[in-house]
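The values are calculated or read from the model by the stated rules, or taken from the named source; none is laboratory data. Remember, it's a predicted structure, so these values are computed and weren't measured experimentally. Cβ: placed from backbone, ideal geometry, glycine included. Neighbour counts: every protein chain shown.
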């Protein structure tokens, strides 16, 4: 949240690319942390600790950079223009709802698994999900770099090049995610055994379904970089409702299908979001937004 607030300072000075560079650095270091912990055979609990250290350090650098740009003065001037501030409330609220959707997907499903399947299933669910999610950190670096270009092209009204750049991004994300999923498909079990030292077994077909879900989520996250770069998030605000619906649909089948139905519900949620994101992106490229 603090990092997002600081990024607004860079955006106000037309230097949002600097903020994105910091964000990209966070994701890159996160990826290095995951690979290091897995390869070195350390306990998984070191990952969140190193994540916290990484983010704290980057925020300190980012905040120092923002202070040098006199961002406090910008906030004082802005706060006097209450009418302008009020116009930003809907966009900020919608973006907050999207963030809430991610929280529901992460914590809501963990609570669901713990409630109906027990603590051992929670360990298996979150451990496997952490392994699969390591792919997403890498691709976040890729599509985050397109944010500034999308904003500039749309501001100039160059929709043709905007559409071309969006297609380039989607090709990179789709091809790259397919390759990554292929690697995790064939060597995921070996990586998992090394990481957990054989204490947690990789569940099938739960793992395969999670890979499908990761593939879809990487694609819709990449596609969402276009509407997010323009603050066009009116439809995407329904993410929390879709996430809650996915959880509710799981409940009647938990006792029979276990973790598999949870993975299926995650695929369902991500697929709906993919449709919404592509719909909004197409409207932007066609000049209908």
Quiz item: Within the bounds of segment 174-183, is there any residue that is crowded, with 20+ Cβ neighbours inside 10 Å and outside any helix (DSSP H, G or I)?
Solution: no
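For the condition in the same structural domain as residue 117 (by TED's automatic domain parsing) and either touching a helix residue (DSSP H, G or I) at 6+ places or on another chain (Cβ under 7 Å) or not in a helix (DSSP H, G or I) (or both), what is the one hit in 241, 245, 278?
Working: 241 fails: either touching a helix residue (DSSP H, G or I) at 6+ places or on another chain (Cβ under 7 Å) or not in a helix (DSSP H, G or I) (or both); 245 fails: either touching a helix residue (DSSP H, G or I) at 6+ places or on another chain (Cβ under 7 Å) or not in a helix (DSSP H, G or I) (or both).
From the options 241, 245, 278, the qualifying one is 278.
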Quiz item: Hey, among the residues in segment 148-164 that are surrounded by fewer than 16 Cβ atoms within 10 Å (Cβ to Cβ) and at pLDDT 90 or above, which one's nearest to the chain's Cα centre (by Cα)?
Solution: 164
Quiz item: Of all residues in segment 265-280, how many are buried (at least 19 other Cβ atoms within 10 Å of the Cβ) and more than 17 Å from the chain's Cα centre (by Cα)?
Solution: 2
Quiz item: Which residues, counting only those in segment 232-255, are surrounded by fewer than 15 Cβ atoms within 10 Å (Cβ to Cβ) and either within 22 Å of residue 136 (Cα to Cα) or modelled with pLDDT under 90 (or both)?
Solution: 234, 255
Self-check item: Filter pass, residue 272 being part of a helix (DSSP H, G or I) and modelled with pLDDT of 90 or more
Solution: yes
Quiz item: Counting only residues that are within 24 Å of residue 126 (Cα to Cα) and surrounded by 18 or more Cβ atoms within 10 Å (Cβ to Cβ), how many does segment 51-68 have?
Solution: 1
Practice problem: Kindly check whether there is at least one residue in segment 69-84 that is surrounded by 15 or more Cβ atoms within 10 Å (Cβ to Cβ) and at pLDDT 65 or above. | Solution: yes
